[in-house]
Every structure is written in structure tokens, then in C-alpha cells.
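Report on one structure; see the data block that follows.
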Amino acid sequence: MSKDFLFHAGEATVLAAEGQFTDAMPEILIGRTDGPVGQAFANMMAQSKGHTAMFAIRACNQLVRPATMMVPKVTLRDMTNIELFGGVVQSATADAVVDCLIEGVIPKDIANELCIISLVWIDPRCATHAELDKKDMYRTNYEATKLALRRALANEPSVEELIANRHKIKHDMDDWS
């Protein structure tokens, strides 16, 4: 396998529909199973309370390739958020990985030699939101995961883009400068 697949990182943000708290912000590592991403992946099999890692599956007995480990960025304190993580978000993540295979973003011929770690955001307000739109939650997580994978494997943003934008772009929550 090419050394190009040793370690790639990507992220993306896709915003929720108006009135929803379903923004998606996955942070992705993708790399060879015999490299640093594979080592981190294997180490994530040890669980920690509130941050339970789980495989991305499309359905029972349908683990995606490359094997993908999802880890919540926030502590999941209740069954509603756990069910959202292991349901809607898991489904969206799994579908995005498979569609990246179909579209050639992830090379099919080395899919079993790669693994993915996806840190996933679930806004804790989703659990109590009376009008939670699970379709929007699926959409944002699906789109953001595909975009993060594309960016990771294309090494985006480039160093040149980062340098060019250093004084043009601010953090979205920047109220200190």
C-alpha cells in the first residue's frame, strides 16, 4: 500500500436547519491499519464512561469498510443521546463511508487496509428538543462525514490556503479579537 495513506486528518461542519441543534462537525482520521491511525483505532476498543466508541454499521451484520470507529465528542449522559448516536448518527456515518467508496474518494482496492476514526458532535440539547428533526440530523452528519473524508484524503485545506487566509478568516466563535 502507498505511504500516502499513513495518516490523513479532515474535518467539516454542516449546519442544521433553522431551529434545530443538529449541526454536524466530525473530525476524521483515516490511515493504514498498520500505522498510527490503526494503533489509535485498536486502542479505542477500551471504553470510557460517557464516551463509548462504536463501529459504524449500516445495519446489523453490515460493518462498513474501511472499518470506522465513532466516538462522541461530548459525554452522552442519557439514553436519548445514546440512541441518537447509535442510530441516526451511526447510520449517516456508515452511509457516508460506503458512498465515499462508491464515488472513489476512498480506494476500494485498499479499503480493508485502512481504518477511520470519527469524532462526532451531538449537541446535548437534541435529547430534550420536542421537535427534533432526525432527518436533518442524518443529513448534516452524512454531508459532513463525506466532506471531512474528502478533505482528509485531499489534504485540505492546503498549507498555501491556510497561509493565504491567516488574516482573512477568523474562528466562527471569535469575539475576542
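The values are calculated or read from the model by the stated rules, or taken from the named source; none is laboratory data. The model shown is predicted, which means the values in this text are computed figures rather than measured ones. Quick reminder, even Gly has a Cβ in these numbers, built from the backbone with ideal geometry, and neighbours come from all protein chains shown.
Summed over the range 114-125, the residues that are surrounded by 18 or more Cβ atoms within 10 Å (Cβ to Cβ) and either in a loop (DSSP other than H, G, I, E, B) or not hydrophobic (A, V, I, L, M, F, W, C) (or both) give a count of 4.
Taken over the range 60-81, the residue count meeting the criterion of being farther than 14 Å from ASN141 by Cα, within 16 Å of the chain's Cα centre (by Cα) and among the aliphatic types (A, V, I, L, M) is 5.
Look at (1) assigned to a loop (DSSP other than H, G, I, E, B); (2) closer than 23 Å to LEU132 by Cα; (3) touching a residue at least 12 places away in the same chain (Cβ under 8 Å); (4) not charged (D, E, K, R) and you find that ALA59 fails only one, number (3). Exactly one residue out of LYS108, LYS49 is modelled with pLDDT under 95 and among the basic types (Lys, Arg): that is LYS49. Restricting attention to the range 62-85 and to residues that are out of contact with any strand residue (DSSP E or B) (no Cβ under 6 Å at 6 or more places or on another chain) and assigned to a helix (DSSP H, G or I), the residue that is surrounded by the fewest Cβ atoms within 10 Å (Cβ to Cβ) turns out to be MET79. When the criteria are applied in full, THR52 meets the requirement of being among the β-branched types (Val, Ile, Thr), under 16 Å from the mean Cα position of the chain (by Cα) and surrounded by fewer than 18 Cβ atoms within 10 Å (Cβ to Cβ).
Specify the residue that is modelled with the lowest pLDDT; the eligible residues are those in the range 29-46 that are farther than 15 Å from ALA111 by Cβ, among the hydrophobic types (A, V, I, L, M, F, W, C) and in contact with a strand residue (DSSP E or B) (Cβ under 9 Å, 6 or more places away or on another chain). The qualifying residue modelled with the lowest pLDDT is MET45.
There is at least one residue in the range 126-133 that is without any contact (Cβ under 8 Å) to a residue 40 or more places away in the chain, surrounded by fewer than 21 Cβ atoms within 10 Å (Cβ to Cβ) and part of a loop (DSSP other than H, G, I, E, B).
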